[in-house]
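Novice: Got a structure for you, written out below as structure tokens; questions coming shortly.
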Amino acid sequence: ERLHGVADFFLTHNRPIERYVDDSVVRVIAGRPVVLRRARGYAPLPVARLERCATGIIASGPHLKNTVAIGVDRNIVLSQHIGDLDSEPAIRAHEKTAAALLDLYGVEVSHVACDTHPDYASGRTAEQLAGAGAPLLRVPHHYAHVLAAMAEHDLLREEVLGIAWDGTGYGLDGTVWGSEFLRADRRGFQRLGHLQAFRIPGGDRAMREPRRSALGVLAGLLDPPSAAQWYRAHRPQAFRAGELDVLVQMLTSGLNSPWTCGAGRLFDAVAALLGLRQTCSFEGQAAMELEWLAAGACGFAPYPLAWTVRDVPAREACWSACQQAGAQDALSTLSVLDWSPLIRAVLDDQHAGIPPATIAARFHASLAEGIVEFARRAAVPAVVCSGGCFQNSLLTGLAVRRLEEEGFRVFIPEKVPPNDGGIAVGQVAAAACRAAEE
């Protein structure tokens with residue numbers, strides 16, 4: 001019923017499935033095998049080891065690419081890939097998997113962790129698990145990304161520069177984060193910076209429509225009417241008649257056009273501007289095609305980027321697993337990586353007839369250099385790169401090589417998926433720190 005638009009016929013069977021387990025997916029990135037989807041052959045086995053016993057901690061994971069994780073002795077055990085929690089059957093599978101994992105290891109719930117997003121189905125499952133009185137800790141999405149890689153590589157006793165780049169995640173200030181530079185340790189983090197934010201008309205619809213991200217980027221660079229004018233002149237078939245006018249009104253008023261700094265949305269925007277893809281049939285399709293296009297044209301100079309500095313309340317930039325962040329009225333300084341010069345250069349090269357593959361390669365090189373420059377500014381010897389954008393082999397390979405050339409110790413997830421499939425591991429690590437302080 002759900003896949004009727006995908007296939008004409010289905011060959012199935014009448015054997016009930018007790019535990020859902022997909023095929024695992026592994027990709028070599030920066031010379032290392034990285035698990036992108038952890039399931040058959042890998043789960044449910046330990047992926048990290050903690051300093052202290054964490055038995056009874058359970059994490060309900062994210063909304064997309066969901067997995068759950070539990071603490072068993074000093075180990076963090078990650079479940080098989082469950083998937084996106086967009087339907088009732090998926091939510092039931094999530095609840096069943098959490099219960100089965102606890103039963104399999106003979107563990108009773110002592111602490112529960114989940115994402116900070118208020119509307120995630122995984123959060124509702126966490127509330128049910130904590131219903132008998134277990135403490136519930138809500139862990140910021142991007143900190144969980146970084147903490148998961150820290151746990152895997154035994155870095156929980158260190159301070160790291162965590163670089164968490166993905167499409168979307170709920171931020172401390174209520175906006176959509178997704179290009180985070182975090183000074184992090186096992187107790188919490190301070191947000192040091194991010195990419196310049198822009199509005200996306202229609203919010204989550206931009207995940208499947210890169211043209212919306214492109215329009216938002218152009219509106220940030222120019223203004224909403226000029227963004228629509230560019231699209232009419234250069235990509236006239238991208239929108240239906242009258243659709244651009246509605247989106248311009250949304251961008252101008254801010255109606256259903258949230259701010260995002262998600263690096264994934266910037267990849268989508270550039271793919272749409274280059275004419276690769278205006279709409280997607282699956283998540284990440286446009287960014288993947290941009291990577292494939294660039295892979296045949298490496299070695300080109302990066303585009304320029306700019307830097308700005310802004311002050312925000314400390315409560316919007318600092319978080320602690322063990323206590324409320326102090327100095328709530330204090331200010332924290334953020335460095336913002338401004339993509340405006342990059343996008344102007346992309347448009348200029350496109351106008352000059354530069355091959356799209358060259359533009360795509362220069363775009364990747366620019367972001368890698370931006371990561372290196374931020375690492376120089378932060379001056380933290382250990383750098384952890386995690387989040388869905390680091391499934392991009394070209395971006396990750398460039399960033400890791402350049403960071404190592406600059407003398408940094410660089411870590412990427414390997415046994416734990418860099419995408420949201422690893423979030424639950426970071427949630428358990430955060431809850432273990434909380435439990436140790438009680």
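Novice: Roughly what would the spin-label model give for GLN229 and GLU108, points 7 Å off Cα along C-beta, in nm?
Specialist: It works out to 7.0 nm between the two label points.
Novice: Now for a separate question. Please work out the ratio of the alpha-carbon Rg of the stretch 56-206 to 2.2 N^0.38 Å and round it to two decimals.
Specialist: My calculation over the Cα atoms of the stretch 56-206 gives 1.06.
Novice: Kindly express, to the nearest 10 degrees and within the range 0 to 90, the angle between helix 423-437's C-alpha long axis and the longest C-alpha principal axis of the chain.
Specialist: Once rounded, one gets 50 degrees.
Novice: Starting from the Cα of ARG310, step 7 Å toward the Cβ, then list every residue of the stretch 172-186 with an amide N under 13 Å from that point.
Specialist: Under 13 Å, as judged by backbone N against the label point of ARG310, lie 173-177 of the stretch 172-186.
Novice: Still on this structure, I have one more. Percent of alpha carbon pairs in the stretch 305-387 separated by more than 15 Å?
Specialist: 70
Novice: Note down the magnitude of the dipole of the stretch 128-246 about its Cα centre, charges +1 on Lys and Arg C-beta and -1 on Asp and Glu C-beta and zero elsewhere, to the nearest 20 debye.
Specialist: 320
Novice: Which residues does the label zone of ALA241 cover in the stretch 192-234, counting backbone N under 18 Å from a point 7 Å along Cα→Cβ?
Specialist: 232-233
Novice: Further question: Where the centroid of each part is defined by its Cα atoms, how far is the stretch 185-213 from the stretch 1-50 in Å?
Specialist: Here the two parts' Cα centres lie 27 Å apart.
Novice: Whole number please: convex hull volume per residue, Cα atoms of the stretch 39-137, in Å³.
Specialist: So the per-residue hull volume is 92 Å³.
Novice: Can you bin the stretch 206-303 into rounded, prolate or oblate? Criterion: square roots of the alpha carbon gyration tensor eigenvalues sorted a ≥ b ≥ c, rounded for a/c under 1.5, prolate for a/b above b/c, oblate for the rest.
Specialist: prolate
Novice: Also, I was wondering about something else. Convert 20 °C to kelvin, take the viscosity as 1.002 mPa s, use the Kirkwood radius over C-alpha pairs of the stretch 133-288 as Rh, and evaluate the Stokes-Einstein diffusion coefficient in µm²/s, rounded to a whole number.
Specialist: For these conditions, the coefficient is 129 µm²/s.
Novice: Between the stretch 134-166 and the stretch 283-362, what is the C-alpha centre distance in whole Å?
Specialist: 21
Novice: A further question on this structure: Report SER253's accessible area, 1.4 Å probe, all protein chains in place, as a number in Å² to the nearest 10.
Specialist: Accessible area, nearest 10 Å²: 80 Å².
Novice: How far, in nm, would the chain grow between ALA100 and ARG19 when pulled straight, counting 0.36 nm per residue and subtracting the alpha carbon separation?
Specialist: 28.3 nm
Novice: Check ILE57: other-chain or 5+ apart residues with amide H under 5 Å from its amide H, H built from backbone geometry?
Specialist: Under 5 Å from the amide H of ILE57 lie the amide H atoms of GLY71, SER110, HIS111, each far enough along the sequence or on another chain.
Novice: By how many degrees, 0 to 90 and rounded to 10, does the Cα axis of helix 263-273 deviate from the longest principal axis of the chain?
Specialist: 30
Novice: Modelled label-to-label distance, PHE9 and ASP204, 7 Å Cα→beta-carbon offset: nm?
Specialist: 3.6
Novice: How big is the equivalent ellipsoid of the stretch 219-377 along its three axes, where each semi-axis is √(5λ) from the Cα gyration tensor, reported in whole Å from largest to smallest?
Specialist: Largest first, the stretch 219-377 gives 31, 22, 15 Å.
Novice: Related question: Please work out the Cα convex hull volume for the chain and give it in Å³ per residue.
Specialist: 152
Novice: For n ≥ 4 DSSP H runs only, could you compute -39500 (n - 2.57) per run for the chain, divide by its residues and tell me the 222 nm figure to the nearest 500?
Specialist: -11500 deg cm²/dmol
Novice: Continuing with the same structure: Taking the full set of protein chains and a 1.4 angstrom probe, give the accessible area of LEU305 in square angstrom, rounded to the nearest 10.
Specialist: Probe radius 1.4 Å; accessible area of LEU305 about 40 Å².
Novice: Quote the accessible area belonging to TRP292 in square angstrom, nearest 10, computed with a 1.4 Å probe and with ligands, DNA and RNA left uncounted.
Specialist: Taking all protein chains as shown, TRP292 has close to 150 Å².
Novice: Need one number: convex hull volume per residue for the stretch 360-438, Cα atoms only, in Å³.
Specialist: Given the Cα convex hull of the stretch 360-438, per-residue volume reads 104 Å³.
Novice: Please provide three numbers in whole Å: the alpha-carbon extents of the stretch 23-68 along the principal axes, with the largest listed first.
Specialist: Ordered largest first, the stretch 23-68 gives principal extents of 33, 26, 19 Å.
Novice: Using alpha carbons only, how many degrees (0 to 90, rounded to 10) separate the axis of helix 88-105 from the longest principal axis of the chain?
Specialist: Tilt relative to the chain: about 40 degrees.
Novice: So, one more: Need one number: nm distance between label points at PHE282 and VAL26, each 7 Å from Cα along Cα→Cβ, rounded to one decimal.
Specialist: Once both label points are built, they end up 2.0 nm from each other.
Novice: Can you sort HIS141, HIS117 by solvent-accessible area, 1.4 Å probe, largest first?
Specialist: Ranked from most to least accessible, the order is HIS117, HIS141.
The values are calculated or read from the model by the stated rules, or taken from the named source; none is laboratory data. All values reported here derive from a predicted model rather than from experimental measurement. Neighbour counts are summed over all protein chains in view; Cβ atoms, including those assigned to glycine, are modelled from backbone coordinates with ideal geometry. Accessible surface is based on the protein model in full, side chains and every heavy atom, while ligands, DNA and RNA are left aside. Shrake-Rupley method; radii C 1.70, N 1.55, O 1.52, S 1.80 Å.
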